[in-house]
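Only one structure is covered here, and it is reproduced in the block below.
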There are 2 protein chains.
Amino acid sequence: MSTPTWHYENFDPTGSAIGYRIVRKLDEVQSPFQRIEIFESTDWGNLMLIDGAMMLTARDNFLYHEMMSHPALFTHPDPKRVVIIGGGDCGTLREVLKHEGVASATQCDIDEQVTRMAEKWFPELCESNGDPRAELLFDDGVAYMKHCPAGSVDVVIVDSTDPVGPAEGLFNRAFYESCFRALKDDGILVQQSESPLMLLDLIKAMRAEMAKAGFAEFQTLPFPQPCYPTGWWSCTLARKAGGFAFREADARAKAFETRYYSADVHKGAQVLPPFVADALAG
Amino acid sequence: MSTPTWHYENFDPTGSAIGYRIVRKLDEVQSPFQRIEIFESTDWGNLMLIDGAMMLTARDNFLYHEMMSHPALFTHPDPKRVVIIGGGDCGTLREVLKHEGVASATQCDIDEQVTRMAEKWFPELCESNGDPRAELLFDDGVAYMKHCPAGSVDVVIVDSTDPVGPAEGLFNRAFYESCFRALKDDGILVQQSESPLMLLDLIKAMRAEMAKAGFAEFQTLPFPQPCYPTGWWSCTLARKAGGFAFREADARAKAFETRYYSADVHKGAQVLPPFVADALAG
């Protein structure tokens, strides 16, 4: 048994850091795109770091995965065809496939090694990878969306790392235009949108780029996410047209378990604290 | 100009750490009770640490102070007499005094040096200290509540450090019995109740001790608080009798500004995510 040590990640944009008490390094691989490391922690289960940045912990990833999937899927009137860009740990895919109405879900992550490491060290996140509705691609998400047939997708989920490195191309107008084109008229795009406490300018910039691509309406939903900077995170939904219509009755009657998400939590997340609402309105 | 360095705080009970990029140490004092340090940070303004534990940052303390005061005060039918145990930085006192109906608010912190340091380095939190309704005492909060006239208080706010060290006596049945006795029949006790992600056992234990002291009903409200372990925190309200009745119309019509709190945020916080609700029910 190793003596636990502390591993810290410093976030320059927020001037803050998050750390974990580590038992040992379990695995590491340098893929063509990035360095992936797996640690065993004393209190958070296994951890995955990519290029030194915390991606997920066994203990708290349910917050993120549930909020990246269920609000969008319960807002779309009838999501059948879902595309996940990024999401290589397969946790978002698992949540999406809990919706019985989903006929097919494609996960397109550029880095196969993320999925291989998830299969090995986070098998619970990969338990739906064998679902006949699931397709796992290891390819460039920007190119995938660009070549997606127009009007073929109900929900696009952008489950990526931060807008630096391999994910940089997932936060600009050109990518959002591909998403807009690929979505049906009532389609919804949802993307992780960083910390509503410290990175409001980034959320505003994202929404502005989405608007340039044609998206008509936005909803930013905050949620706790201890392993990301400031511990408070968000996703942003964008709709091609019309108003967001939360299928509240369906969310209440859902046939699957969730640990953080519920119809009431969804409604609560739609209410932005005044300082966030003011910043996004300004 | 010093070169910034990183200061980390390791939380043993959660196996996680939070850190800040520090410009310099501004001040420090060893009081009879604890060591108080003030740092200047690059992104969070001034920081106050007590015995090495982060107490507050200039940037995010509004989350905590608003949630420690407004939900309780807008749940009590007509709060006139408020007692704050701890709260030496005066931020909770400032929020309480925003309620025009409050006739008197006593803050009783054992350590005068906390308030002196707040006056010097967080003057914005102390801007209501000269309010004629405010009384600042530097005394033992346990003794203060024990000797409070029975049935004389509308709301008791326990704004303390964690249940170790000077604040240990603020988390047990004897203290809660004093609070119960001091409160009027429709009185409310509210206490900071740690992380709903990692420290649910502590919240359950607190509620159990409060129940032994006679409190009839509880409400735990989660909120983001980046500078505390896991970045997700909570307060717990306890009521002597009857049901909690949120004065929603009054909260909507409030005559003062808040940055996080709103009537809708209050309602949203009343909805516990399933995993928290299940744990507290169990």
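Values for this structure:
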| quantity | calculated |
| --- | --- |
| Residue list for segment A:18-55, filter: in contact with a strand residue (DSSP E or B) (Cβ under 7 Å, 6 or more places away or on another chain) and aromatic (Phe, Trp, Tyr) | A:Tyr20, A:Phe39, A:Trp44 |
| Lone unmet requirement of (1) open to solvent by less than 10 Å² (accessible area, probe 1.4 Å); (2) in a strand (DSSP E or B) for B:Leu136 | (1) |
| Subset of segment B:105-127 [within 17 Å of the chain's Cα centre (by Cα), closer than 25 Å to B:Asp154 by Cβ and not in a helix (DSSP H, G or I)] | B:Ala105, B:Thr106, B:Gln107, B:Cys108, B:Asp109, B:Ile110 |
| Counted residues, segment B:9-46 - those being of a type in the set (A, V, I, L, M, F, W, C) and in contact with a Pro (Cβ under 9 Å, 6 or more places away or on another chain) | 7 |
| Test: A:Gly45 is open to solvent by less than 40 Å² (accessible area, probe 1.4 Å) and free of Cβ contacts under 8 Å to residues at least 24 places away in the same chain | yes |
| Test: residue in segment A:11-33 that is in the same structural domain as A:Gln113 (by TED's automatic domain parsing) and small (Gly, Ala, Ser) | no |
| Residues of segment A:141-187 satisfying the condition of being assigned to a loop (DSSP other than H, G, I, E, B) and either of a type in the set (A, V, I, L, M, F, W, C) or modelled with pLDDT of 95 or more (or both) | A:Cys148, A:Pro149, A:Ala150, A:Gly151, A:Ser152, A:Val164, A:Phe171 |
| Failed item, numbered, when A:Pro226 is tested on (1) within 13 Å of chain B (Cβ to nearest Cβ); (2) outside any loop (DSSP other than H, G, I, E, B) | (2) |
| Only listed residue being within 11 Å of chain B (Cβ to nearest Cβ) and either closer than 21 Å to A:Thr14 by Cα or within 19 Å of the chain's Cα centre (by Cα) (or both), chosen from A:Ala277, A:Ala167, A:Ala205 | A:Ala277 |
| Which numbered condition B:Gly52 misses (of (1) modelled with pLDDT under 95; (2) closer than 30 Å to B:Ala182 by Cβ) | (2) |
| Single unsatisfied condition, A:Glu194 versus (1) more than 21 Å from A:Arg239 (Cβ to Cβ); (2) within 14 Å of chain B (Cβ to nearest Cβ); (3) crowded, with 24+ Cβ neighbours inside 10 Å | (1) |
| Where a residue in segment A:108-130 is touching a residue at least 12 places away in the same chain (Cβ under 8 Å) and its partner, wherever it lies, is charged (D, E, K, R) and part of a helix (DSSP H, G or I), with Cβ under 7 Å and at least six apart | A:Leu125/A:Arg94; A:Cys126/A:Glu119; A:Glu127/A:Arg94; A:Ser128/A:Arg94 |
| Hey, B:Ser178 over 27 Å from B:Pro13 (Cα atoms) and either open to solvent by less than 20 Å² (accessible area, probe 1.4 Å) or among the hydroxyl-bearing types (Ser, Thr, Tyr) (or both) or not | yes |
| Residues within segment A:13-34 that are at the interface with chain B (Cβ under 9 Å from one of its Cβ atoms), in contact with a Ser or Thr (Cβ under 8 Å, 6 or more places away or on another chain) and either under 21 Å from A:Leu199 (Cβ atoms) or open to solvent by 20 Å² or more (accessible area, probe 1.4 Å) (or both), tallied | 6 |
| Subset tally (residues that are at the interface with another protein chain (Cβ under 9 Å from one of its Cβ atoms) and touching a residue at least 60 places away in the same chain (Cβ under 8 Å)) for segment B:244-262 | 4 |
| Condition broken by B:Lys212, with the remaining ones in (1) open to solvent by 20 Å² or more (accessible area, probe 1.4 Å); (2) closer than 24 Å to B:Ile50 by Cβ satisfied | (2) |
| So A:Ser104, is it hydroxyl-bearing (Ser, Thr, Tyr), surrounded by fewer than 22 Cβ atoms within 10 Å (Cβ to Cβ) and farther than 24 Å from A:Ala150 by Cβ | no |
| Enumeration of residues in segment A:263-281 that are open to solvent by 30 Å² or more (accessible area, probe 1.4 Å), of a type outside the set (A, V, I, L, M) and in contact (Cβ under 8 Å) with a residue 12 or more places away in the chain | A:Lys267, A:Gln270 |
| Test: residue in segment A:140-153 that is touching a residue at least 24 places away in the same chain (Cβ under 8 Å), surrounded by fewer than 23 Cβ atoms within 10 Å (Cβ to Cβ) and in contact with an Asp or Glu (Cβ under 6 Å, 6 or more places away or on another chain) | no |
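The values are calculated or read from the model by the stated rules, or taken from the named source; none is laboratory data. Every value quoted in this text rests on a predicted model; they were computed, and no experiment measured them. When we count neighbours, we look across all protein chains shown, and the Cβ atoms used for this are built from the backbone with ideal geometry, even at glycine. Surface accessibility is based on the protein's heavy atoms, side chains included, excluding ligands, DNA and RNA. Shrake-Rupley method; radii C 1.70, N 1.55, O 1.52, S 1.80 Å.
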